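Structure first, then comments.
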Amino acid sequence: MQIWRSLADVPADLGPTAVTLGNFDGVHRGHQAVLTRMVDDARAAGLAPVAMTFEPHPKAVHDPEHPPELITGLHDKLDRLAATGLAGTIVVDYTLEFAQQTPQEFVRRWLVDGLGAREVVIGADTKFGRGNAGDVATMQALGTAMGFETTVVDDACAVSESGRRWSSTWVRELLEDGRMLDAADVLGRPHRVRGIVVDGDKLGRQIGFPTANLEPTAGMIPRHGVFAGRMTVLDARDNERAAALVGQPMDTAISIGFNYTVGVEGLRIEGFAIDREGIDLYGAEVSLDLVQWRRPMLDFGSLDALIEALNADVAWCRDVLQLD
(Lines give C-alpha, C1' and ligand atoms only; values in the text may rest on other atoms or scores of the structure.)
Protein backbone atom coordinates (compact mmCIF):
# COMPACT_ATOMS: atom_id res chain seq x y z
CA MET A 1 0.00 0.00 0.00
CA GLN A 2 1.30 3.43 -0.92
CA ILE A 3 1.12 6.18 1.70
CA TRP A 4 0.70 9.81 0.67
CA ARG A 5 1.04 12.82 2.97
CA SER A 6 -0.34 15.34 0.48
CA LEU A 7 -2.10 15.46 -2.88
CA ALA A 8 1.26 16.26 -4.46
CA ASP A 9 2.43 12.76 -3.46
CA VAL A 10 -0.39 11.00 -5.31
CA PRO A 11 1.02 9.47 -8.52
CA ALA A 12 -0.29 10.91 -11.75
CA ASP A 13 -0.86 7.43 -13.15
CA LEU A 14 -2.93 6.18 -10.21
CA GLY A 15 -6.00 5.94 -12.45
CA PRO A 16 -9.65 6.12 -11.43
CA THR A 17 -10.30 5.30 -7.79
CA ALA A 18 -12.85 4.23 -5.23
CA VAL A 19 -12.32 6.36 -2.13
CA THR A 20 -13.50 5.92 1.43
CA LEU A 21 -12.79 8.32 4.27
CA GLY A 22 -12.69 8.10 8.03
CA ASN A 23 -10.61 8.17 11.19
CA PHE A 24 -10.42 4.35 11.35
CA ASP A 25 -9.25 4.38 14.97
CA GLY A 26 -8.25 0.82 15.87
CA VAL A 27 -9.12 -0.49 12.39
CA HIS A 28 -11.47 -2.89 14.17
CA ARG A 29 -13.42 -5.70 12.55
CA GLY A 30 -16.17 -3.35 11.43
CA HIS A 31 -13.65 -1.21 9.57
CA GLN A 32 -12.04 -4.35 8.18
CA ALA A 33 -15.34 -5.72 6.88
CA VAL A 34 -16.23 -2.47 5.13
CA LEU A 35 -12.76 -1.92 3.69
CA THR A 36 -12.33 -5.49 2.49
CA ARG A 37 -15.65 -5.39 0.68
CA MET A 38 -14.81 -2.00 -0.83
CA VAL A 39 -11.44 -3.29 -2.02
CA ASP A 40 -13.02 -6.34 -3.68
CA ASP A 41 -15.75 -4.28 -5.37
CA ALA A 42 -13.31 -1.60 -6.51
CA ARG A 43 -10.89 -4.03 -8.08
CA ALA A 44 -13.75 -5.84 -9.83
CA ALA A 45 -14.79 -2.48 -11.32
CA GLY A 46 -11.23 -1.60 -12.40
CA LEU A 47 -10.79 1.07 -9.72
CA ALA A 48 -7.87 1.57 -7.34
CA PRO A 49 -9.17 1.30 -3.74
CA VAL A 50 -7.99 4.27 -1.66
CA ALA A 51 -8.64 5.45 1.90
CA MET A 52 -8.42 8.96 3.31
CA THR A 53 -7.67 9.40 7.00
CA PHE A 54 -6.82 12.37 9.19
CA GLU A 55 -3.89 13.25 11.44
CA PRO A 56 -4.32 14.55 14.06
CA HIS A 57 -7.81 13.37 14.94
CA PRO A 58 -10.33 16.13 14.09
CA LYS A 59 -11.67 16.21 17.66
CA ALA A 60 -8.17 17.02 18.94
CA VAL A 61 -8.10 20.05 16.65
CA HIS A 62 -11.60 21.33 17.37
CA ASP A 63 -11.48 20.61 21.11
CA PRO A 64 -7.79 20.58 22.07
CA GLU A 65 -8.61 20.63 25.79
CA HIS A 66 -10.31 17.23 25.45
CA PRO A 67 -8.45 15.22 22.79
CA PRO A 68 -9.67 11.66 22.26
CA GLU A 69 -7.58 8.79 23.58
CA LEU A 70 -6.75 6.92 20.41
CA ILE A 71 -6.72 3.14 20.33
CA THR A 72 -3.88 3.02 17.82
CA GLY A 73 -1.15 5.35 16.66
CA LEU A 74 -0.71 6.30 13.02
CA HIS A 75 1.94 3.67 12.21
CA ASP A 76 -0.18 0.79 13.44
CA LYS A 77 -3.29 2.22 11.81
CA LEU A 78 -1.56 2.36 8.44
CA ASP A 79 -0.23 -1.18 8.84
CA ARG A 80 -3.72 -2.45 9.53
CA LEU A 81 -5.25 -0.47 6.67
CA ALA A 82 -2.65 -1.99 4.35
CA ALA A 83 -3.73 -5.47 5.45
CA THR A 84 -7.19 -4.90 3.93
CA GLY A 85 -5.69 -4.69 0.43
CA LEU A 86 -5.91 -0.96 -0.21
CA ALA A 87 -3.82 0.44 -3.05
CA GLY A 88 -3.11 3.62 -1.13
CA THR A 89 -3.97 5.79 1.85
CA ILE A 90 -3.68 9.55 2.00
CA VAL A 91 -3.01 10.99 5.45
CA VAL A 92 -4.54 14.45 5.54
CA ASP A 93 -2.99 17.05 7.82
CA TYR A 94 -6.15 18.08 9.66
CA THR A 95 -6.13 21.77 10.58
CA LEU A 96 -8.72 24.43 11.29
CA GLU A 97 -8.01 25.82 7.84
CA PHE A 98 -8.74 22.44 6.25
CA ALA A 99 -11.98 22.26 8.24
CA GLN A 100 -13.17 25.56 6.73
CA GLN A 101 -13.65 24.07 3.27
CA THR A 102 -17.23 23.83 2.12
CA PRO A 103 -18.50 20.36 1.21
CA GLN A 104 -18.23 21.31 -2.46
CA GLU A 105 -14.66 22.59 -2.10
CA PHE A 106 -13.57 19.50 -0.21
CA VAL A 107 -15.08 17.05 -2.67
CA ARG A 108 -13.81 18.87 -5.75
CA ARG A 109 -10.25 19.43 -4.53
CA TRP A 110 -9.56 16.23 -2.63
CA LEU A 111 -11.80 13.50 -3.99
CA VAL A 112 -12.34 14.41 -7.63
CA ASP A 113 -9.32 16.44 -8.75
CA GLY A 114 -6.85 15.06 -6.21
CA LEU A 115 -7.71 11.36 -6.08
CA GLY A 116 -9.66 10.83 -9.29
CA ALA A 117 -12.66 9.36 -7.51
CA ARG A 118 -15.20 7.51 -9.62
CA GLU A 119 -16.82 6.04 -6.53
CA VAL A 120 -17.01 7.39 -2.97
CA VAL A 121 -17.85 4.91 -0.23
CA ILE A 122 -19.28 6.41 2.97
CA GLY A 123 -21.27 5.40 6.03
CA ALA A 124 -24.84 6.46 6.58
CA ASP A 125 -23.80 8.89 9.35
CA THR A 126 -20.95 10.55 7.42
CA LYS A 127 -20.56 14.32 7.86
CA PHE A 128 -18.03 16.47 6.03
CA GLY A 129 -17.19 20.05 5.11
CA ARG A 130 -17.39 23.27 7.12
CA GLY A 131 -19.54 22.82 10.20
CA ASN A 132 -20.27 19.23 9.12
CA ALA A 133 -22.70 20.70 6.61
CA GLY A 134 -22.31 17.80 4.18
CA ASP A 135 -24.07 14.46 4.60
CA VAL A 136 -25.03 11.47 2.46
CA ALA A 137 -27.55 13.45 0.43
CA THR A 138 -24.93 16.15 -0.18
CA MET A 139 -22.38 13.59 -1.37
CA GLN A 140 -24.91 11.97 -3.67
CA ALA A 141 -25.83 15.33 -5.21
CA LEU A 142 -22.16 16.26 -5.64
CA GLY A 143 -21.48 12.87 -7.19
CA THR A 144 -24.18 13.44 -9.77
CA ALA A 145 -22.74 16.87 -10.58
CA MET A 146 -19.07 15.85 -10.58
CA GLY A 147 -19.22 12.42 -12.14
CA PHE A 148 -18.80 9.85 -9.37
CA GLU A 149 -21.06 7.27 -7.77
CA THR A 150 -21.81 7.40 -4.06
CA THR A 151 -22.06 4.08 -2.24
CA VAL A 152 -23.55 4.10 1.24
CA VAL A 153 -22.18 1.25 3.33
CA ASP A 154 -24.70 -1.21 4.69
CA ASP A 155 -24.06 -1.37 8.44
CA ALA A 156 -25.02 -5.05 8.44
CA CYS A 157 -21.46 -6.02 7.53
CA ALA A 158 -20.17 -4.09 10.55
CA VAL A 159 -22.29 -5.88 13.17
CA SER A 160 -20.79 -8.46 15.52
CA GLU A 161 -22.07 -11.94 16.19
CA SER A 162 -23.61 -10.58 19.40
CA GLY A 163 -25.67 -8.08 17.42
CA ARG A 164 -23.73 -5.05 18.64
CA ARG A 165 -22.15 -2.86 15.98
CA TRP A 166 -18.37 -3.04 15.91
CA SER A 167 -17.05 0.34 17.06
CA SER A 168 -14.05 2.15 18.49
CA THR A 169 -16.21 3.15 21.46
CA TRP A 170 -16.80 -0.51 22.26
CA VAL A 171 -13.07 -1.22 22.13
CA ARG A 172 -12.34 1.64 24.54
CA GLU A 173 -14.95 0.33 26.98
CA LEU A 174 -13.38 -3.12 26.94
CA LEU A 175 -9.84 -1.78 27.38
CA GLU A 176 -10.93 0.37 30.32
CA ASP A 177 -12.38 -2.77 31.94
CA GLY A 178 -9.28 -4.87 31.27
CA ARG A 179 -11.26 -7.24 29.08
CA MET A 180 -8.38 -7.87 26.70
CA LEU A 181 -9.72 -11.06 25.12
CA ASP A 182 -13.00 -9.34 24.27
CA ALA A 183 -11.15 -6.29 22.96
CA ALA A 184 -9.02 -8.55 20.78
CA ASP A 185 -12.20 -10.11 19.41
CA VAL A 186 -13.51 -6.70 18.33
CA LEU A 187 -10.13 -5.57 17.00
CA GLY A 188 -9.31 -8.85 15.32
CA ARG A 189 -5.96 -8.98 17.16
CA PRO A 190 -4.51 -8.15 20.63
CA HIS A 191 -4.39 -4.50 21.63
CA ARG A 192 -0.99 -2.88 21.11
CA VAL A 193 0.91 -0.20 23.01
CA ARG A 194 4.12 1.25 21.52
CA GLY A 195 6.96 2.94 23.29
CA ILE A 196 10.67 3.70 23.58
CA VAL A 197 12.71 1.71 26.11
CA VAL A 198 14.17 4.10 28.67
CA ASP A 199 16.21 3.86 31.86
CA GLY A 200 14.27 2.68 34.90
CA ASP A 201 15.18 2.45 38.55
CA LYS A 202 16.90 -0.96 38.01
CA LEU A 203 14.91 -2.53 40.88
CA GLY A 204 13.63 -5.34 38.67
CA ARG A 205 17.17 -6.40 37.88
CA GLN A 206 18.04 -6.46 41.58
CA ILE A 207 15.15 -8.78 42.46
CA GLY A 208 15.53 -11.13 39.49
CA PHE A 209 12.97 -9.60 37.13
CA PRO A 210 14.81 -7.25 34.74
CA THR A 211 12.28 -5.30 32.76
CA ALA A 212 12.16 -3.05 29.73
CA ASN A 213 10.67 0.27 30.85
CA LEU A 214 8.64 2.00 28.17
CA GLU A 215 7.96 5.65 27.56
CA PRO A 216 4.65 5.22 25.67
CA THR A 217 4.29 6.84 22.27
CA ALA A 218 1.08 5.32 20.89
CA GLY A 219 -1.78 3.05 21.84
CA MET A 220 -4.48 3.53 24.46
CA ILE A 221 -3.38 2.70 28.01
CA PRO A 222 -5.87 0.09 29.28
CA ARG A 223 -6.93 -0.71 32.82
CA HIS A 224 -3.83 -0.79 34.98
CA GLY A 225 -2.53 -4.14 36.11
CA VAL A 226 -0.54 -7.22 35.15
CA PHE A 227 -0.89 -8.73 31.69
CA ALA A 228 0.35 -11.65 29.66
CA GLY A 229 1.52 -10.49 26.27
CA ARG A 230 4.29 -10.28 23.74
CA MET A 231 6.98 -7.67 23.24
CA THR A 232 8.50 -7.03 19.81
CA VAL A 233 11.37 -4.78 18.82
CA LEU A 234 10.08 -2.61 15.98
CA ASP A 235 13.11 -0.37 15.48
CA ALA A 236 16.48 -0.91 17.18
CA ARG A 237 17.34 2.80 16.81
CA ASP A 238 21.14 2.37 16.82
CA ASN A 239 21.09 -0.33 19.50
CA GLU A 240 23.09 -3.12 17.84
CA ARG A 241 22.10 -5.73 20.42
CA ALA A 242 18.42 -4.92 19.94
CA ALA A 243 18.83 -5.09 16.16
CA ALA A 244 19.21 -8.86 16.34
CA LEU A 245 15.74 -9.09 17.92
CA VAL A 246 13.78 -6.93 15.48
CA GLY A 247 10.53 -8.58 14.48
CA GLN A 248 10.77 -11.45 16.98
CA PRO A 249 7.78 -11.54 19.38
CA MET A 250 8.97 -12.34 22.91
CA ASP A 251 6.61 -13.87 25.48
CA THR A 252 6.35 -11.25 28.18
CA ALA A 253 4.88 -10.53 31.59
CA ILE A 254 3.73 -6.92 31.48
CA SER A 255 2.78 -4.44 34.19
CA ILE A 256 1.08 -1.11 33.63
CA GLY A 257 0.40 1.22 36.51
CA PHE A 258 1.91 2.50 39.72
CA ASN A 259 4.45 0.48 41.70
CA TYR A 260 2.87 0.86 45.13
CA THR A 261 5.08 -1.64 46.98
CA VAL A 262 8.33 0.21 46.30
CA GLY A 263 6.85 3.71 46.26
CA VAL A 264 8.03 4.64 42.76
CA GLU A 265 6.20 7.70 41.47
CA GLY A 266 4.54 7.96 38.08
CA LEU A 267 2.96 5.55 35.63
CA ARG A 268 5.23 2.65 34.73
CA ILE A 269 4.93 0.37 31.70
CA GLU A 270 7.29 -2.57 32.09
CA GLY A 271 7.88 -5.81 30.24
CA PHE A 272 9.72 -8.85 31.61
CA ALA A 273 10.71 -11.06 28.67
CA ILE A 274 10.23 -14.64 29.85
CA ASP A 275 13.22 -16.96 29.38
CA ARG A 276 15.30 -14.19 27.82
CA GLU A 277 18.51 -13.35 29.61
CA GLY A 278 20.88 -10.46 29.06
CA ILE A 279 18.86 -8.65 26.42
CA ASP A 280 19.54 -4.94 25.94
CA LEU A 281 16.68 -2.90 24.50
CA TYR A 282 17.64 0.59 25.67
CA GLY A 283 16.63 3.23 23.16
CA ALA A 284 14.75 0.78 20.93
CA GLU A 285 11.15 1.23 19.85
CA VAL A 286 9.08 -1.76 20.96
CA SER A 287 5.48 -2.86 20.93
CA LEU A 288 3.56 -4.65 23.67
CA ASP A 289 0.68 -6.80 22.45
CA LEU A 290 -1.54 -7.30 25.49
CA VAL A 291 -3.15 -10.74 25.44
CA GLN A 292 -4.87 -11.09 28.82
CA TRP A 293 -5.29 -9.10 32.06
CA ARG A 294 -4.53 -10.86 35.36
CA ARG A 295 -4.88 -8.52 38.31
CA PRO A 296 -4.71 -4.88 39.42
CA MET A 297 -1.58 -3.24 40.73
CA LEU A 298 -1.30 -3.91 44.47
CA ASP A 299 0.79 -2.93 47.46
CA PHE A 300 2.33 -6.17 48.74
CA GLY A 301 3.93 -4.53 51.74
CA SER A 302 7.43 -5.93 51.29
CA LEU A 303 9.92 -6.92 48.61
CA ASP A 304 9.68 -10.59 49.60
CA ALA A 305 5.92 -10.56 49.10
CA LEU A 306 6.35 -8.68 45.81
CA ILE A 307 8.85 -11.29 44.54
CA GLU A 308 6.45 -14.09 45.47
CA ALA A 309 3.64 -12.33 43.56
CA LEU A 310 5.86 -11.74 40.52
CA ASN A 311 6.78 -15.43 40.41
CA ALA A 312 3.08 -16.28 40.46
CA ASP A 313 2.44 -13.72 37.71
CA VAL A 314 5.11 -15.22 35.47
CA ALA A 315 3.77 -18.73 36.05
CA TRP A 316 0.31 -17.50 35.07
CA CYS A 317 1.72 -15.82 31.95
CA ARG A 318 3.39 -19.09 30.97
CA ASP A 319 0.04 -20.82 31.18
CA VAL A 320 -1.82 -18.13 29.23
CA LEU A 321 0.83 -17.96 26.53
CA GLN A 322 1.02 -21.76 26.42
CA LEU A 323 4.70 -22.01 27.26
CA ASP A 324 6.12 -25.32 28.46
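When the P(r) of segment 62-165 is calculated, the portion above 25 Å amounts to 32% of the C-alpha pairs.
The simple spin-label model puts a point 7 Å past each Cα toward its Cβ; for Ala12 and Asp79 those points are separated by 3.6 nm.
The percentage of C-alpha pairs in segment 204-324 whose separation is greater than 19 Å is 44%.
The orientation-averaged projection of the convex hull spanning the C-alpha atoms of segment 4-75 amounts to 5.8 square nanometres. The distance between label points at Ala141 and Gln248 comes to 6.1 nm (points 7 Å beyond Cα on the Cα→Cβ vector). Mean residue ellipticity, 222 nm, helices only, the chain: the sum of -39500 (n - 2.57) across DSSP H runs of n ≥ 4, divided by residue count and rounded to 500, is -8000 deg cm²/dmol.
Distant-in-sequence amide contacts of Val291, defined by a placed amide H-H separation under 5 Å and a gap of 5 or more residues or a different chain, comprise Ala228, Gly229, Arg230.
Label separation (Asp93 vs Leu298): 5.1 nm, computed from points 7 Å beyond Cα along the C-beta direction. The DSSP beta bridges internal to the chain are antiparallel in roughly 60% of cases. Building the convex hull from the alpha-carbon atoms of the chain and averaging its projection over directions returns 18.7 nm².
Backbone geometry of segment 106-123 corresponds, through the Karplus equation with coefficients 6.51, -1.76 and 1.60 at θ = phi - 60°, to 3J(HN,Hα) couplings of 4, 5, 5, 5, 8, 7, 7, 6, x, 10, x, 5, 10, 8, 10, 9, 9, x Hz, x marking Gly and Pro. With a 1.4 Å probe and all protein chains left in place, how much of the accessible area of the chain comes from carbon and sulfur atoms, in whole percent? Ligands and nucleic acids excluded, carbon and sulfur give 48 percent. Computing FRET efficiency as 1/(1 + (r/R0)^6) for Ala315 and Ile221, where r is the C-beta to C-beta distance and R0 is 25 Å, gives about 0.50. The distance separating the Cα centre of segment 99-128 from that of segment 1-79 comes to 13 Å.
Between Gln2 and Gln100, the contour length at 0.36 nm per residue exceeds the alpha carbon distance by 32.5 nm. In segment 1-145, the alpha-carbon atoms span a convex hull of 107 Å³ per residue.
The values are calculated or read from the model by the stated rules, or taken from the named source; none is laboratory data. The structure displayed is predicted, hence computed values, not measured ones. Note that each Cβ is placed from the backbone with ideal geometry, even for glycine, and that neighbours are counted across all protein chains shown. These accessible areas exclude ligands, DNA and RNA; they are computed on the full protein's heavy atoms, side chains included. Shrake-Rupley method; radii C 1.70, N 1.55, O 1.52, S 1.80 Å.
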